[in-house]
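Enquirer: I have a structure here, written as structure tokens, and I will follow up with some questions on it.
The values are calculated or read from the model by the stated rules, or taken from the named source; none is laboratory data. None of the values given here were measured: they were computed from a predicted structure. Cβ placement follows ideal geometry from the backbone for every residue including glycine, while neighbour counts extend to all protein chains displayed. Protein only, heavy atoms only, side chains kept; ligands, DNA and RNA dropped before computing areas. Shrake-Rupley method; radii C 1.70, N 1.55, O 1.52, S 1.80 Å.
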Amino acid sequence: MKPNRNCTFAATLALVTATAVLAPARADAVSDFYKGGQITILVGYGAGGGYDVTSRLFARHFGKHVPGRPSIVVENMPGAGSMKVANTIFNVSPKDGTVLGVFASSTALEPLFGNKMAEYDPRKYEWVGSLHRDIASCVIWKGAGQGVKGLPDLISAKKTVIFGSTSPTAITAQHPLFLKNMFGANLKVVFGYKGTKDVSLAMQRGEADGSCGMFESSVRSAYDQHIKAGEMKVVVQFGRDRKVPYFGDATPMYDLLKTDEQKKIADVIFRQTELARPLAAPPGTPKDRVAALRKAMLDTLKDPELIAEAKKLATEYDPVSGEETVQTFADFYGTAPELVEKARKYTQPDRK
């Protein structure tokens, strides 16, 4: 028996009509939820640093791209290298899209390295995306008083170079410790600072000589005046596939690695920082709101008003979509366990 063409056409038309009606209904549901409301963005570091500056600039324009145009509030919640925010978003924050968190990708991956204080699974967050794709570096203040201009100088330094950091889980600790454990750099990491801004002030006071975890966007926006004055110098950069012209003659760390295994170990540590400002919603956040937030993030970072304001601050954004962010974290969990363990050892204060 042949199908009735009129019936088939009618059924198809009904399906198309239902779909067309359903999509706006979903959009309206998100808009209705956020209208007159508020989204709070928790930033895992103190005021004035790179995470804070770029997150607040983003927040000033984010609300107009979210359905319902909610107000956006930014709150600083420093602690344990941004782990305080990571734990809060995963375990405490309401799972409705009203609270988001910005914290380090290295912190997000702490469970992979066996950190019991990391009470979350990065594969279960609802990743909105990453505000930026960046390359990290280390800087030295006034040559640490002994003319340190690059990684070879740091390795051969006669006097121990002091780096400031928030905690052992932060890249401000992990990156210099890798230089110490892999290359024998003569350095020590001191903990307890609230963020890179706090470390910068410590360098100016003479309490510390250097800081790592310095993304190009952070240096441009918050420390450009010190770079131009010759007080602060980028001495090593961690991009595997490209060098940052703004970092000048800073030593490309990957150029000093001699074996494929060393490069694979370095990838576990340094390629994660290419997700420079990941933005997360709690697990269980409704999928339609997640989709709306993902689109709003990308639309915000294309907003001409944001771009103009960012230009004045000598910064820029290179966003990573929510889907790509999800895949990136999943890929790290596919890393061979022996490489993860070696990477962990190379970033410990006392290598064991």
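Enquirer: In whole Å, what are the Cα extents of segment 237-284 along the three principal axes, biggest one first?
Expert: Answer, in whole Å and largest first: 44, 29, 12 Å.
Enquirer: Run the reach check for residue 158 against aspartates and glutamates, Cα to Cα strictly under 20 Å, same-chain hits fewer than 8 apart removed. What comes back?
Expert: Straight-distance partners of residue 158: 207, 209.
Enquirer: Follow-up. Extending each Cα 7 Å along its Cβ direction at residue 330 and residue 258, get the distance between those two points in nm, one decimal.
Expert: With each label point 7 Å from Cα toward Cβ, the separation is 3.9 nm.
Enquirer: Normalised by the number of residues in segment 200-284, what is the relative contact order in percent for Cα pairs under 8 Å and 6+ residues apart?
Expert: 19
Enquirer: Rounding to the nearest 20 debye, state how big the charge dipole of the chain is about its Cα centre with +1 on each Lys and Arg Cβ and -1 on each Asp and Glu Cβ.
Expert: 120
Enquirer: Divide by every residue of the chain the summed helix terms, -39500 (n - 2.57) for each DSSP H run of at least 4, and state the resulting mean residue ellipticity at 222 nm, rounded to the nearest 500 deg cm²/dmol.
Expert: Working: 14 runs with 152 residues, N = 352.
That calculation yields -13000 deg cm²/dmol at 222 nm.
Enquirer: Would you mind working out the accessible area per residue for the chain, using a 1.4 Å probe, and quoting it in Å²? Present the calculation step by step, with values, prior to reporting the outcome.
Expert: Values: 15850 Å² over 352 residues.
On a per-residue basis, 45 Å².
Enquirer: Which entries in the list 64/312; 197/263; 116/345; 84/142 go over 24 Å, if you measure between the two C-alpha atoms of each?
Expert: In this structure, 197/263; 84/142 lie more than 24 Å apart at Cα.
Enquirer: Points 7 angstrom from Cα along the Cβ direction at residue 92 and residue 124: gap in nanometres?
Expert: 1.8
Enquirer: Moving on to the next point. Report, in degrees rounded to the nearest 10, the 0 to 90 angle that the Cα long axis of helix 171-183 makes with the longest principal axis of the chain.
Expert: 50
Enquirer: In square nanometres, what is one fourth of the surface area of the convex hull spanned by the alpha carbons of segment 139-298?
Expert: 11.0
Enquirer: Of the listed peptides 314-320, 291-297, 175-181, what is their order by residue-averaged count of other C-beta atoms within 10 Å, with the highest listed first?
Expert: 175-181, 291-297, 314-320
Enquirer: As I understand it, the value is the acute angle between the Cα axis of helix 260-270 and the longest principal axis of the Cα atoms of the chain; what does it come to in degrees, rounded to 10?
Expert: With rounding to tens, the tilt is 70 degrees.
Enquirer: Right, here's the next one. Taking the Cβ-Cβ separation of residue 229 and residue 28 as r and a Förster radius of 56 Å, what is the calculated FRET efficiency to the nearest 0.05?
Expert: Step by step, r from the Cβ atoms, then E = 0.55.
Enquirer: Contour minus end-to-end for residue 205 and residue 342, with contour as 0.36 nm per residue of separation and end-to-end as the Cα-Cα distance?
Expert: Going from the current span to full extension adds 45.8 nm.
Enquirer: Quick one: what does P(r) look like for segment 95-198 with 5 Å bins over all Cα pairs, in whole %?
Expert: Calculated over all Cα pairs of segment 95-198, the distribution is 2, 10, 18, 19, 18, 13, 8, 6, 3, 1, 0 percent.
Enquirer: How many percent of Cα pairs in the chain exceed 28 Å?
Expert: When every Cα pair of the chain is considered, 44 percent fall beyond 28 Å.
Enquirer: Continuing with the same structure: Nearest 20 debye, what's the magnitude of the dipole of segment 207-278 about its Cα centre given +1 on Lys and Arg Cβ and -1 on Asp and Glu Cβ?
Expert: With Lys and Arg at +1 and Asp and Glu at -1, about 220 debye.
Enquirer: I've got another one for you. What spacing in nm lies between the two simple spin-label points modelled at residue 64 and residue 287, each 7 Å away from Cα in the Cβ direction?
Expert: Placing both labels 7 Å along Cα→Cβ, they lie 3.2 nm apart.
Enquirer: Continuing with the same structure: Give me the percent of the accessible area of segment 250-343 that comes from carbon and sulfur atoms, probe 1.4 Å, all protein chains in place.
Expert: Numbers: 2300 of 4300 Å².
Solvent-exposed carbon and sulfur of segment 250-343 make up 53 percent of the total.
Enquirer: What does the highest-first list of 81-87, 122-128, 300-306, 109-115 look like by mean Cβ count within 10 Å?
Expert: The most tightly packed comes first, giving 81-87, 122-128, 109-115, 300-306.
Enquirer: Please state the charge dipole magnitude for segment 36-161, taken about the Cα centre, from unit charges on C-beta atoms (+1 on K and R, -1 on D and E), reported in debye and rounded to the nearest 20.
Expert: Here segment 36-161 has a charge dipole of around 340 debye.
Enquirer: When the label point is put 7 Å from the Cα of residue 316 along its Cα-to-beta-carbon vector, which residues of segment 107-135 have a backbone N closer than 20 Å?
Expert: Taking a point 7 Å out along Cα→Cβ of residue 316, the residues of segment 107-135 whose backbone N falls under 20 Å are 130-135.
Enquirer: Okay, moving on. So what are the ³J(HN,Hα) numbers for segment 222-227, from phi and the Karplus equation (6.51, -1.76, 1.60; θ = phi - 60°), rounded to whole Hz, Gly and Pro as x?
Expert: My calculation for segment 222-227 gives 10, 10, 4, 5, 6, 5 Hz in order.
Enquirer: What residue among 307, 283, 251 has its Cα farthest toward the positive end of the dipole of the chain, where the charges are +1 on Lys, Arg and -1 on Asp, Glu, each on the Cβ?
Expert: 251
Enquirer: Given contacts defined as C-alpha pairs under 8 Å and at least six residues apart, what's the relative contact order of the chain, whole-number percent?
Expert: 25
Enquirer: Expressed as an acute angle from 0 to 90° and rounded to the nearest 10, what is the orientation of the C-alpha long axis of helix 337-346 relative to the principal long axis of the chain?
Expert: Tilt of helix 337-346: around 40 degrees.
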